[in-house]
Amino acid sequence: MASPTFLASPSWQRQLWVEADPEAVAVCVAERLHQALEQAVVLGLATGRTMEPVYAVLRQRLLGLAMPQRQALLRRWCSFNLDEYVGLGPDHPQSFAAFMQRQLAGPLQLEPGCLAIPDGLALDPDAEAHRYSAAVAAAGGIDLQLLGLGSNGHVGFNEPPCSEAEPCRCLSLSLATRQQNAGAFGGDPAAVPARAITLGTAEILAARRLLLVVTGAAKAEILRRTLLEPPCPEVPASWLQRHPCLEVVVDRAAAAQLELS
Ligand code: GLP
């Protein structure tokens, strides 16, 4: 039986926020992203259903700012997305580039290029992964990395098994992940691209702050394994425990299996 040393640590307890529901989680996370943007940091951004309410609140907050303040903040925007499907470009509605365009870049009228994402249409995806990793490094690395959690424990698209030092790379997606994401592709896992480019656990763990966001009862068990079991390759997100500055924001449904005092 794994000992819950992570939750037992007082410093860790301060970093776990259990909110009532996904809407409250979104407010909490958007506030942190907004604060980070005010400090002109390099953001690491994520896609997925979990982030939709987060980005909705963030949009609302930023569009509610007075014009000069908003423009000053948006002009400094510098972000890198975690991942992209191989074979999908910004014109494909299910690409993560299109997701980010709908969620943030379009409504906020961000300058092209300030919201970076791997090029899913690159002829050589391995070379694109190298280029993307170098671009993150050239920007000074990521200050605040936003992360969702895959149902199989992946972060970004780092599929199990995965060591804590995997670089940005092109990889094959697992059947579990293609099933998880099939909803966006007409419910057919075979329609989900077979490969993706993802920042690796190496780049993710090198970020100065991590913000893991998890909602819903379906993720309760994988969240428990992520936070309470010793880090292992079978649950890539469990490596996040090793990070000195990890903050976790979850709703009550996702927290159901955590033994909270
Ligand atoms: C996707 C993405 C991840 C995301 C995760 C959870 O496949 N690659 O970055 O965090 O899976 O997605 P969702 O929020 O839709 O459950």
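At-a-glance table
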| read-out | value |
| --- | --- |
| Beta bridges by DSSP in the chain, antiparallel share as percent, to the nearest 5 | 30 percent |
| Amide H partners (placed H, <5 Å) of residue 232, local residues excluded | 238, 239 |
| As computed over region 4-251, the Cα convex hull volume per residue (Å³) | 117 Å³ |
| Within the chain, longest stretch clear of exposed GluC sites (Glu not before Pro) (DSSP loop, no more than 16 other Cβ within 10 Å) | 1-233 |
| Whole-angstrom gap from region 77-120 to region 50-71, using each part's C-alpha centre | 17 Å |
| Of all accessible heavy-atom area on the chain, the percent that carbon and sulfur account for (1.4 Å) | 54 percent |
| Cβ-based charge dipole, the chain, positive-most Cα from 154, 133, 107 | 107 |
| Net charge, residue 66 excluded, C-beta distance under 15 Å - Lys, Arg +1, Asp, Glu -1 | +2 |
| Cα gyration tensor shape of region 115-261, rounded if a/c is under 1.5, else prolate or oblate by comparing a/b with b/c | oblate |
| Among 119, 83, 91: highest mean-square fluctuation, GNM of the chain, C-alpha pairs under 10 Å | 91 |
| Dipole of region 4-251 [Lys/Arg +1, Asp/Glu -1 at C-beta], most positive-end residue of 57, 241, 186 | 57 |
| Amide H within-cut-off set for residue 247, under 5 Å, with H built and near neighbours excluded | 210, 211, 212 |
| Length added when fully stretched, residue 242-residue 191, from 0.36 nm per residue minus Cα-Cα | 14.8 nm |
| Within region 4-251: Cβ-based charge dipole about Cα centre, in debye rounded to nearest 20 (Lys, Arg +1; Asp, Glu -1) | 500 debye |
| Relative contact order (%) - criterion: Cα under 8 Å, at least six apart; region: the chain | 24 percent |
| Positive minus negative residues near residue 215 (Lys, Arg vs Asp, Glu; Cβ under 13 Å) | -2 |
| Listed peptides 68-76, 191-199 by packing density, highest first (mean Cβ within 10 Å) | 191-199, 68-76 |
| Probe 1.4 Å, accessible area per residue of region 4-251, Å² | 41 Å² |
| Helical mean residue ellipticity (222 nm; -39500 (n - 2.57) per DSSP H run of 4+; nearest 500) of the chain | -9500 deg cm²/dmol |
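The values are calculated or read from the model by the stated rules, or taken from the named source; none is laboratory data. Small disclaimer: the values here were computed from a predicted structure and weren't measured. Cβ sites come from the backbone with ideal geometry, for glycine too, and all protein chains shown count toward neighbours. To get the accessible areas, we keep the full protein, side chains included, count just its heavy atoms, and leave off ligands, DNA and RNA. Shrake-Rupley method; radii C 1.70, N 1.55, O 1.52, S 1.80 Å.
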